[in-house]
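Student: Okay, here's the structure, questions in a sec.
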Amino acid sequence: MPAGDEGRRGVPLSDRQRLNWLRLIRSDNVGPATFRDLINHFGSAETAIAQLPELSRRGGSARAIRVASIDDAERELEAAQKFGAVFIGIGEPDYPPALRRIDGAPPLITAIGDLALSTQVSVGIVGARNASVSGAKMAARMARELGAAGYAIVSGFARGIDAAAHRASMESGTIAALAGGLDQPYPPENNELYQEICAGNGLAISEMPMGWEPRARDFPRRNRLIAGIGLGLVVIEAAQRSGSLITARRAADFGRLVFAVPGSPLDPRAAGTNGLLKDGAILTTGSSDVIDALAPSSRVFPDDAPFLEEPESEDGAPFAEPRDDDRTRVIEALGPSPAEVDDIIRHTGVSAQTVYLVLLELDLAGRLHRHPGGMVSLAFDAD
């Protein structure tokens, strides 16, 4: 049986901090990496918010950046409260420990249901929406057996394999990652299942605003949550170019073990899983394969990652504008190909603090692309 949960370490946000964190992440051009860099540089979300317009202007933005207002954030907080959901910051005790460690972890997630599941050791199960009868039975069996072994099951709440895994792990612990807001579950045919999860028989999480209807481009973000929360990912029936394969790639990028259940070469739903096996995924014919592979204590990540915190004081870091020649050197060092920030620092001879501040300016102006592994490039349409 796996070690219990990974510990509920962390520092709760104050109400004021939570409001400002929500304002910051909901502002234009502020993603998880930008959010982290802003907090690290300015010391608090409140100070960073005040600097967003100037940073964007200096980065070359042609229009004023939209900064989420206090009223906007308060309305979203109220909507979540009415729905029965809570906001959890990345440094707080109820934030999933394994998710905290991934590149680009969401600074804030909303959650509803049994919050104790957020820190339970988890395994992901994903697969085809048009699952076969045998595929759905396999997903349910593995979910029940992994649940009995102490793992919570995390999946994407889609029809087919996902729904089968959620239903089978309702008693032992199931986590549904949503592509839209918590009040916009998809698909509608799973509404009864969702009501059970929200009632406390499971846990649902999302990084999207309340009221957000999921779009096609939102599902890869949801897939990253599945890959990040679990210590491993089991793929059962997945066609080529499917969302399940995107989840598997993200899981591998995060250092998770990827398990694939083989299928008939004549079934297109097995093409993706068989391809994963060719690429080095662990051949899986039962839950014991997963349990044995994850059993070593080294697979349970100790929650020693540094927390993203801010001081109670609202005094941020000094706001020192980069010199024009330093900014020019950083921009000239960038190109359309991804580069590591450390390489930019060495190449330009500009201080790390200044390089990060220039990158923030470009990012908030919409002129920077961020890539996996913390790499960056200049937007293709940049001058």
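The values are calculated or read from the model by the stated rules, or taken from the named source; none is laboratory data. Everything quoted here is computed from the prediction, not taken from an experiment. In this analysis, Cβ positions are derived from the backbone assuming ideal geometry, glycine residues included, and neighbour counts consider all displayed protein chains. In case anyone asks, the SASA skips ligands and DNA or RNA and just uses the protein heavy atoms, side chains included. Shrake-Rupley method; radii C 1.70, N 1.55, O 1.52, S 1.80 Å.
Student: Given the conditions (1) surrounded by 24 or more Cβ atoms within 10 Å (Cβ to Cβ); (2) part of a helix (DSSP H, G or I); (3) out of contact with any strand residue (DSSP E or B) (no Cβ under 7 Å at 6 or more places or on another chain); (4) of a type outside the set (D, E, K, R), report the number of the one that Asn190 does not fulfil.
Tutor: (1)
Student: Same structure, new question: All but one of (1) at pLDDT below 95; (2) open to solvent by less than 70 Å² (accessible area, probe 1.4 Å); (3) more than 22 Å from the chain's Cα centre (by Cα); (4) of a type in the set (A, V, I, L, M, F, W, C) hold for Met1; state the number of the condition that does not hold.
Tutor: (2)
Student: Looking at Arg217, Arg222, which is the one that is modelled with pLDDT of 95 or more and of a type outside the set (Phe, Trp, Tyr)?
Tutor: It is Arg222.
Student: Which condition breaks for Ala239 when tested against (1) at pLDDT 95 or above; (2) in contact with a Leu (Cβ under 9 Å, 6 or more places away or on another chain); (3) small (Gly, Ala, Ser)?
Tutor: Condition (1) is where Ala239 drops out.
Student: Another question, then. Of everything in segment 193-221, what is open to solvent by 10 Å² or more (accessible area, probe 1.4 Å) and closer than 20 Å to Asp114 by Cβ? Give them in sequence order.
Tutor: Scanning segment 193-221 gives Gln195, Glu196, Cys198, Ala199, Gly200, Asn201, Glu207, Met210.
Student: Just checking, does segment 60-68 include any residue being under 22 Å from the mean Cα position of the chain (by Cα), at pLDDT 95 or above and open to solvent by 10 Å² or more (accessible area, probe 1.4 Å)? Working first, answer last.
Tutor: Taking segment 60-68 first, the residues under 22 Å from the mean Cα position of the chain (by Cα) are 68.
So of that shortlist, the ones also at pLDDT 95 or above come out as 68.
Subsequent filtering for residues that are open to solvent by 10 Å² or more (accessible area, probe 1.4 Å) retains none.
No, the conditions are met nowhere in segment 60-68.
Student: Spot the failing condition for Gly156; the list is (1) of a type outside the set (A, V, I, L, M); (2) open to solvent by 10 Å² or more (accessible area, probe 1.4 Å); (3) closer than 23 Å to Leu276 by Cα; (4) touching a residue at least 12 places away in the same chain (Cβ under 8 Å), and only one is missed.
Tutor: (2)
Student: Further question: With respect to Ala168, is the statement that it is free of Cβ contacts under 8 Å to residues at least 60 places away in the same chain and either open to solvent by less than 20 Å² (accessible area, probe 1.4 Å) or in contact with a Cys (Cβ under 8 Å, 6 or more places away or on another chain) (or both) true? Give the derivation first.
Tutor: Numbers: free of Cβ contacts under 8 Å to residues at least 60 places away in the same chain: yes; either open to solvent by less than 20 Å² (accessible area, probe 1.4 Å) or in contact with a Cys (Cβ under 8 Å, 6 or more places away or on another chain) (or both): no.
No, not satisfied.
Student: Oh, and also: Which one of these is over 14 Å from the mean Cα position of the chain (by Cα) and open to solvent by less than 40 Å² (accessible area, probe 1.4 Å): Leu225, Leu233?
Tutor: Working: Leu225 fails: over 14 Å from the mean Cα position of the chain (by Cα).
Among Leu225, Leu233, only Leu233 is over 14 Å from the mean Cα position of the chain (by Cα) and open to solvent by less than 40 Å² (accessible area, probe 1.4 Å).
Student: Can you tell me which residues in segment 24-55 are assigned to a helix (DSSP H, G or I), open to solvent by 30 Å² or more (accessible area, probe 1.4 Å) and in contact with a Gly (Cβ under 7 Å, 6 or more places away or on another chain)?
Tutor: Listed by number, the list holds a single entry, Pro32.
Student: Looking only at segment 171-207, count how many residues are in contact (Cβ under 8 Å) with a residue 40 or more places away in the chain, farther than 23 Å from Ala131 by Cα and not charged (D, E, K, R). It would help to see each step written out before you state the result.
Tutor: Let us first name the residues in segment 171-207 that are in contact (Cβ under 8 Å) with a residue 40 or more places away in the chain, namely 173-175, 177-179, 181-183, 197-207.
Remaining after also requiring farther than 23 Å from Ala131 by Cα: 181-183, 198-201, 203, 205-207.
Cutting the leftovers down to not charged (D, E, K, R) gives us 181-182, 198-201, 203, 205-206.
Within segment 171-207, residues that are in contact (Cβ under 8 Å) with a residue 40 or more places away in the chain, farther than 23 Å from Ala131 by Cα and not charged (D, E, K, R) number 9.
Student: Can you confirm whether segment 56-79 contains a residue that is in contact (Cβ under 8 Å) with a residue 60 or more places away in the chain, within 21 Å of Gly180 (Cα to Cα) and either not in a helix (DSSP H, G or I) or not aromatic (Phe, Trp, Tyr) (or both)?
Tutor: So far as segment 56-79 goes, yes, one or more of its residues are in contact (Cβ under 8 Å) with a residue 60 or more places away in the chain, within 21 Å of Gly180 (Cα to Cα) and either not in a helix (DSSP H, G or I) or not aromatic (Phe, Trp, Tyr) (or both).
Student: Hey, any hits in segment 128-137 for a residue that's part of a helix (DSSP H, G or I) and open to solvent by less than 10 Å² (accessible area, probe 1.4 Å)? Spell out how you get there, then give the answer.
Tutor: We begin by selecting, within segment 128-137, every residue part of a helix (DSSP H, G or I); these are 133-137.
Okay, now just the ones that are also open to solvent by less than 10 Å² (accessible area, probe 1.4 Å), so 135.
Looking for residues that are part of a helix (DSSP H, G or I) and open to solvent by less than 10 Å² (accessible area, probe 1.4 Å), one finds at least one in segment 128-137, hence yes.
Student: Next up: How many residues, within segment 83-123, are over 20 Å from Arg26 (Cα atoms) and not hydrophobic (A, V, I, L, M, F, W, C)?
Tutor: Counting residues in segment 83-123 that are over 20 Å from Arg26 (Cα atoms) and not hydrophobic (A, V, I, L, M, F, W, C) gives 12.
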